[in-house]
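Encoded as structure tokens, the structure appears first; notes follow it.
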There are 2 protein chains.
Amino acid sequence: MVNETMLQLGVKRNGIRELFEYGLRQAAIVGRENVFDYSLGNPSIPAPPEVNENLVDIIRNTDSLAVHGYTPAFGLPDARETVAAELGERYGVKLRGANLFFTCGAAPGLVATIRALNLGGSEFIAIAPFFPEYRPFAESNGAKLVVVPADIPDFQINWEALAARISERTQGVIINTPNNPSGVIYTRETLERLAALLTEKSAELGHPIFLIADEPYRERAYDDAEVPFIPSIYPNTIVCYSYSKSLSLPGERIGYVCVPDWVEDSAAVYAAIAGAARASGHVCAPALFQRVVARCAYSRPDVKAYDENRALLYGALTSYGYECVKPNGAFYMFVKAPGGDSQAFSDKAKEKNLLLVPGNDFGVPEYFRISTCVSPDMIRLSLPAFKALIEEF
Amino acid sequence: MVNETMLQLGVKRNGIRELFEYGLRQAAIVGRENVFDYSLGNPSIPAPPEVNENLVDIIRNTDSLAVHGYTPAFGLPDARETVAAELGERYGVKLRGANLFFTCGAAPGLVATIRALNLGGSEFIAIAPFFPEYRPFAESNGAKLVVVPADIPDFQINWEALAARISERTQGVIINTPNNPSGVIYTRETLERLAALLTEKSAELGHPIFLIADEPYRERAYDDAEVPFIPSIYPNTIVCYSYSKSLSLPGERIGYVCVPDWVEDSAAVYAAIAGAARASGHVCAPALFQRVVARCAYSRPDVKAYDENRALLYGALTSYGYECVKPNGAFYMFVKAPGGDSQAFSDKAKEKNLLLVPGNDFGVPEYFRISTCVSPDMIRLSLPAFKALIEEF
């Protein structure tokens with residue numbers, strides 16, 4: 001009576017959210033201060049003040065019909081120009097407003113990109129650890145997700161495995177750097193080697209392999225780590241961006257897809273993405289927030305609080321004996337589960353009201369994810385549980 | 001290199017928007033006051049003042065992390081409850097928050113519903129005149145759109161044609177009342193007869209045929225015309241709603257899908273819609289606007305200005321000899337093209353800088369659409385052109 005794939009997508013609970021909801025129930029029983037919830041990747045620092053100031057100013061001082069009216073499907077021309085100009089300036093490249101297509105966040109941008117490039121059963125490669133939703137984004141739209149196992153323990157790229165998985169059906173490689181869940185940023189060296197491999201393979205296959213860069217964490221870097229602008233390294237890069245993390249606006253659904261002019265056949269790629277968005281019911285990205293992000297194009301997130309959490313957690317956990325690559329981006333830590341089975345470890349942690357996300361869905365069952373967008377007080381209170389757990393295993 | 005269907009969807013211009021853009025170019029040449037643009041269905045009356053007041057109040061007085069944070073995929077529990085309670089109260093039915101799934105407007109709600117019900121090549125029936133995007137919504141998602149020709153000149157339903165088009169592959173019938181482009185509201189009698197037919201055919205086929213009610217114009221009725229609540233007439237109704245027209249928020253992308261408890265297997269239908277939304281990259285509807293529409297659940301649009309335009313245009317055009325059903329809803333008039341070919345008539349009108357949308361894409365090539373959300377001054381200035389045109393034909 002209903003489509004079975006869609007039904008399963010709707011019924012099958014998201015493990016992370018399930019864990020979060022368990023935490024809420026448990027808090028009601030044992031008290032909020034006794035539940036150490038590291039499950040969700042929700043920004044814990046509010047939007048910079050200029051976001052709300054501009055929101056109010058736009059509402060108060062712009063014609064209401066214009067503010068809330070339809071925009072072109074690709075976005076407000078002015079907003080596109082402003083955002084493109086800032087990006088071009090920041091990375092020393094030539095971008096035009098016409099290279100951007102505003103979307104309701106990165107997720108529908110990724111779906112539109114996959115649908116635009118899917119020739120029917122095409123393959124898209126995800127490199128573990130990867131955001132679990134890539135699977136339904138590809139597989140429920142007629143494409144195939146091919147997973148490259150993780151490069152443990154550094155979480156750069158397992159080159160042999162990647163090379164072996166590129167086939168004539170490969171249309172795209174999806175990367176996410178700074179990475180959720182590892183917190184690792186692909187180095188310039190990694191990206192250059194990736195570009196070389198994809199260039200070589202594209203030539204071999206006689207068709208371009210696109211790099212799909214999922215970049216909601218682009219501005220979340222610590223220790224002055226470089227976050228290279230990927231289209232400058234590999235020309236056939238399509239960027240899917242979201243303001244969810246950079247401006248702490250995850251619920252407002254605002255982001256863009258960027259198809260630079262130097263992408264092969266860029267006009268067709270852009271048009272196909274626009275068409276795929278239309279096929280999913282995209283009309284325009286939220287109009288008010290298109291204006292806001294343009295006004296805040298030069299705003300940068302406050303990463304200090306996350307950085308302090310990172311230092312506190314990384315220092316404590318490694319001192320107890322946990323193994324973990326030091327994250328230099330995003331707001332996660334990806335820790336090796338003592339015993340090697342993150343599901344078992346996470347279940348054990350749950351008994352101590354310590355909520356850790358097992359790495360299975362990210363493609364790395366030996367590791368668990370910690371979200372560092374939490375309160376420092378919670379971190380301090382949770383440390384004895386971490387210590388006790390590793391001693392038990 | 002890219003998907004051909006998506007490319008065509010992105011490349012093929014929307015005729016209405018093309019006409020609108022032509023009008024802008026022409027205005028630069030002959031002067032804005034000399035272009036009579038009836039092309040777009042953009043509300044011309046701003047959002048009720050409480051919308052902007054509540055927006056500012058929420059931004060100013062609610063915790064910023066909460067305001068802009070992720071909501072559950074189905075929407076904020078409180079907002080769902082409020083909207084469901086108001087609907088239930090208004091129509092004397094029992095609706096729960098859990099029956100609603102907030103979406104980025106009606107379009108992605110329709111796509112999610114079609115994808116949820118599409119068993120692979122399933123058929124969805126649209127009744128002419130119909131919103132042209134139904135075609136890509138169905139056909140680019142693996143379903144088939146089957147068109148029932150219009151019931152001319154009343155634009156209710158051509159019963160024989162509808163009955164003949166229902167097959168074992170029919171999963172849904174999409175209706176849009178008050179209707180774009182005819183401005184007609186399906187009468188209670190029409191809806192009851194439709195319910196009887198679908199009930200009979202469902203029994204015959206052994207599976208439910210769902211009624212998919214696309215209702216952005218629900219609150220746009222004139223002359224105290226009744227807009228019946230369709231789920232009260234046909235149980236297997238799924239409502240796709242948008243606040244674009246009722247609160248003049250078309251650019252903000254906020255609406256919902258409503259699956260009442262009395263829909264057959266409603267939990268599975270709801271879950272499949274949620275899954276299909278996820279497959280299109282839906283994360284949540286814009287969070288700020290979920291709160292706003294809940295606060296404005298009892299707001300009603302000001303239909304007076306549109307009503308005056310309707311009276312002015314209907315009176316003048318019929319006095320010149322144009323044939324047109326008197327619209328009692330939405331903000332359009334659907335007029336028979338003198339000569340019977342709306343494309344030819346519209347081309348001729350364009351020479352007089354009178355921009356009318358030919359009915360071809362709506363499935364009725366003999367009629368053209370006029371949008372009545374325009375300024376009364378423009379209407380008055382345009383009347384001589386209408387008069388001259390019918391005399392020429």
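Some points to look at:
- Listed conditions (1) closer than 19 Å to B:Phe229 by Cβ; (2) touching a Phe, Trp or Tyr at 6+ places or on another chain (Cβ under 8 Å); (3) of a type outside the set (D, E, K, R) are all met by B:Thr82, apart from (2).
Each row is one residue, and each column tells you yes or no for (1) out of contact with any helix residue (DSSP H, G or I) (no Cβ under 6 Å at 6 or more places or on another chain); (2) within 27 Å of A:Asn54 (Cβ to Cβ); (3) surrounded by 23 or more Cβ atoms within 10 Å (Cβ to Cβ).
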residue: A:Pro235; (1), (2), (3): yes, no, no
residue: A:Ser246; (1), (2), (3): yes, yes, yes
residue: A:Gly251; (1), (2), (3): no, yes, yes
residue: A:Trp262; (1), (2), (3): yes, no, no
residue: A:Pro286; (1), (2), (3): no, yes, yes
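- Scan of the range A:153-171 for residues that are within 24 Å of A:Thr372 (Cβ to Cβ) and surrounded by fewer than 17 Cβ atoms within 10 Å (Cβ to Cβ), ordered by number: A:Pro153, A:Asp154
- Every residue from the range A:245-294 that is closer than 23 Å to A:Val227 by Cα, more than 8 Å from chain B (Cβ to nearest Cβ) and not aliphatic (A, V, I, L, M): A:Lys245, A:Ser246, A:Gly255, A:Tyr256, A:Cys258, A:Pro260, A:Asp261, A:Trp262
- Whether a residue is over 22 Å from A:Glu252 (Cα atoms) and of a type in the set (A, V, I, L, M, F, W, C) was assessed, and A:Val83 does not pass this test.
- Considering only residues in the range A:320-348 that are of a type in the set (A, V, I, L, M, F, W, C) and surrounded by 24 or more Cβ atoms within 10 Å (Cβ to Cβ), the one that is nearest to A:Arg220 (Cα to Cα) turns out to be A:Ala330.
- Of the helices (runs of 4 or more DSSP H) that lie entirely inside the range A:1-86, those containing 1 or more residues that are touching a Lys or Arg at 6+ places or on another chain (Cβ under 6 Å) and either more than 7 Å from chain B (Cβ to nearest Cβ) or surrounded by 15 or more Cβ atoms within 10 Å (Cβ to Cβ) (or both) span A:4-11, A:49-61.
- Residue pairs meeting the criteria (Cβ under 6 Å; at least 6 apart or on separate chains; first touching a residue at least 40 places away in the same chain (Cβ under 8 Å), in the range B:1-18; second part of a loop (DSSP other than H, G, I, E, B)): B:Thr5/B:Ser140; B:Ile16/B:Ser39
- Odd one out for B:Ile174, checked against (1) surrounded by fewer than 21 Cβ atoms within 10 Å (Cβ to Cβ); (2) of a type in the set (Val, Ile, Thr); (3) assigned to a strand (DSSP E or B): (1)
- Filtering the range B:98-123 to residues that are facing another protein chain (nearest Cβ under 7 Å) and either part of a loop (DSSP other than H, G, I, E, B) or among the β-branched types (Val, Ile, Thr) (or both) leaves B:Cys104, B:Gly105, B:Val111, B:Asn118, B:Leu119.
- Single residue of B:Asp154, B:Asp224 found to be acidic (Asp, Glu) and in contact (Cβ under 8 Å) with a residue 12 or more places away in the chain: B:Asp154
- Checked against the criteria, A:Leu55 counts as touching a helix residue (DSSP H, G or I) at 6+ places or on another chain (Cβ under 6 Å), modelled with pLDDT of 95 or more and hydrophobic (A, V, I, L, M, F, W, C).
- Any hit, the range B:265-280, residues being out of contact with any strand residue (DSSP E or B) (no Cβ under 9 Å at 6 or more places or on another chain), surrounded by 16 or more Cβ atoms within 10 Å (Cβ to Cβ), at pLDDT 95 or above and not in a helix (DSSP H, G or I): yes
- Candidates B:Ser342, B:Ser280, B:Ser266, B:Ser246 - the one that is in contact with an Asp or Glu (Cβ under 9 Å, 6 or more places away or on another chain) and under 30 Å from A:Gly105 (Cβ atoms): B:Ser246
- Here A:Phe289 fulfils each of the conditions (1) in contact with a Ser or Thr (Cβ under 9 Å, 6 or more places away or on another chain); (2) part of a helix (DSSP H, G or I) apart from (1).
- Residues located in the range A:361-391, provided they are modelled with pLDDT of 95 or more, under 16 Å from A:Ile16 (Cα atoms) and in a helix (DSSP H, G or I): A:Phe362
- Condition met for B:Pro132 (outside any helix (DSSP H, G or I) and either within 10 Å of chain A (Cβ to nearest Cβ) or in contact with a strand residue (DSSP E or B) (Cβ under 9 Å, 6 or more places away or on another chain) (or both)): no
- Some residue of the range B:324-347 being acidic (Asp, Glu), touching a helix residue (DSSP H, G or I) at 6+ places or on another chain (Cβ under 7 Å) and either over 30 Å from B:Val147 (Cβ atoms) or in a helix (DSSP H, G or I) (or both): no
- Single residue of the range B:192-218 satisfying the filter (charged (D, E, K, R) and crowded, with 18+ Cβ neighbours inside 10 Å) that is farthest from B:Ile175 (Cα to Cα): B:Lys201
- Qualifying residue in the range A:244-255 (condition: outside any helix (DSSP H, G or I), in contact with a strand residue (DSSP E or B) (Cβ under 6 Å, 6 or more places away or on another chain) and not small (Gly, Ala, Ser)): no
- Any hit, the range B:175-186, residues being in contact with a Leu (Cβ under 8 Å, 6 or more places away or on another chain) and without any contact (Cβ under 8 Å) to a residue 60 or more places away in the chain: yes
- Positions within the range B:20-46 being of a type in the set (A, V, I, L, M, F, W, C) and touching a helix residue (DSSP H, G or I) at 6+ places or on another chain (Cβ under 8 Å), in sequence order: B:Ala27, B:Val35, B:Phe36, B:Leu40, B:Ile45
The values are calculated or read from the model by the stated rules, or taken from the named source; none is laboratory data. Fair warning: this is a prediction, and the values are worked out from it, not measured in the lab. Note that we place each Cβ from the backbone using ideal geometry, even for glycine, and neighbour counts take in every protein chain shown.
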